[in-house]
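Q: Supplied in structure tokens, the structure appears directly below.
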Amino acid sequence: QVQLVESGGGLVQTGGSLRLSCTASGLTVSRKTMGWFRQAPGKEREFVEAITWTGTIIVYADSVKGRFTISRDSAKNTVYLEMNSLKPEDTAVYYCAGHRAGTYSSTSSYDYWGQGTQVTVSS
């Protein structure tokens, strides 16, 4: 049974930093492409970043480029999302997901999801 558990969310002021963690069981993060998504109230779930099983980092959103960085620790079987220079518009529930096949930015391409962790950025 696959389980993804996110942690590290919280309340932070504008310009602050957080590091989200996603610890996996039942799958090996170094052998699977893993992604981070976020969902703000009233909005669709949005792709943030992914790291492929080869270590390639996928970033599409200009809004997070240069501020967010995905990484993984194979020994801990954990994927991270380092978030710097946070803005109020980054406020959302952040989800970790395991990729199955297809477009990295599409939620339908992922077959495993965590429960999410809330990030709130105050202005």
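The values are calculated or read from the model by the stated rules, or taken from the named source; none is laboratory data. Just so you know, these numbers come straight off a predicted model, no measurement behind them. When we count neighbours, we look across all protein chains shown, and the Cβ atoms used for this are built from the backbone with ideal geometry, even at glycine. The accessibility values were calculated without ligands, DNA or RNA, using every heavy atom of the protein model including side chains. Shrake-Rupley method; radii C 1.70, N 1.55, O 1.52, S 1.80 Å.
Q: Roughly how many whole Å is it from the C-alpha centroid of the range 108-122 to that of the range 7-64?
A: The range 108-122 and the range 7-64 have Cα centres separated by 8 Å.
Q: Report the relative contact order of the chain, percent, no decimals, based on alpha-carbon pairs under 8 angstrom and at least 6 residues apart.
A: On the way: 311 pairs, mean separation 43.3, N = 123.
35 percent.
Q: Between ASP111, ASP62, ASP73, where does the largest GNM mean-square fluctuation fall for the chain, given springs only between Cα atoms within less than 10 Å?
A: Largest GNM mean-square fluctuation: ASP62.
Q: Using the Karplus curve 6.51 cos²θ - 1.76 cosθ + 1.60 with θ = phi - 60°, what ³J(HN,Hα) values do you get for each residue of the range 69-86, in whole Hz, with x for Gly and Pro?
A: 9, 8, 8, 8, 10, 5, 5, 9, 6, 10, 10, 10, 10, 8, 10, 10, 6, 5
Q: Students often get this wrong: which residues of the range 52-67 have the backbone nitrogen under 19 Å from the point 7 angstrom along Cα-to-C-beta of SER85?
A: Only 58-67 pass the distance filter.
Q: Going highest first, how would you order 12-20, 76-84 by mean Cβ packing within 10 Å? Please list the in-between numbers first.
A: Details: 12-20: 15.0, 76-84: 19.3.
Result, highest mean first: 76-84, 12-20.
Q: Using only Cα atoms, what is the ratio of the radius of gyration of the range 1-117 to 2.2 N^0.38 Å? Can you show the working numbers first?
A: Working: Rg = 13.0 Å, N = 117, 2.2 N^0.38 = 13.4 Å.
Dividing the Cα radius of gyration by 2.2 N^0.38 Å gives 0.97.
Q: How big is the Rg/Rh ratio for the range 64-123, C-alpha atoms only, Rh by Kirkwood, two decimals? Don't skip to the answer; put the middle values down first.
A: Numbers: Rg = 13.0 Å, Rh = 13.1 Å.
On the Cα set of the range 64-123, Rg over Rh gives 0.99.
Q: State, to one decimal in nm, how far the label point of ASP62 lies from the label point of VAL5, with both points 7 Å from Cα in the Cβ direction.
A: Result for the modelled spin labels: 4.0 nm.
Q: Send over a whole-number figure in Å² for the accessible area per residue of the range 31-123, probe 1.4 Å. Show your work: numbers first, answer last.
A: Details: 4580 Å² over 93 residues.
Averaged over the residues of the range 31-123, the accessible area is 49 Å².
Q: While we're here: May I ask which residue of ALA101, VAL119, ALA61 lies farthest towards the positive end of the charge dipole of the chain, with charges of +1 (Lys, Arg) and -1 (Asp, Glu) on Cβ and the Cα centre as origin?
A: ALA101
Q: If the chain between TRP53 and THR120 were fully stretched, how many nm would it gain, using 0.36 nm times the residue separation less the Cα-Cα distance?
A: Contour length minus the Cα-Cα distance gives 21.1 nm.
Q: Dipole of the range 1-122, Cα-centred, from +1 at each Lys and Arg C-beta and -1 at each Asp and Glu C-beta, to the nearest 20 debye?
A: Using only the charged Cβ atoms, the result is roughly 200 debye.
Q: Over the chain, what percent of the accessible surface lies on carbon and sulfur atoms, probe 1.4 Å? Before the final figure, lay out each step's value.
A: Details: 2830 of 6160 Å².
Using a 1.4 Å probe with all protein chains present, the chain comes out at 46 percent carbon and sulfur.
Q: So how exposed is LEU27, as accessible area in Å² (1.4 Å probe, rounded to 10)?
A: Counting only protein heavy atoms, LEU27 exposes about 20 Å² to solvent.
Q: Here's something else I'd like to know. Excluding residues fewer than 8 places away in the same chain, name every one of the lysines whose C-alpha is closer than 27 Å to that of LYS87.
A: LYS43, LYS65
Q: Treat each spin label as a single point 7 Å out from the Cα along the C-beta direction, and report the ALA40 to SER17 distance in nm.
A: Reported label-point gap for ALA40 and SER17 is 2.4 nm.
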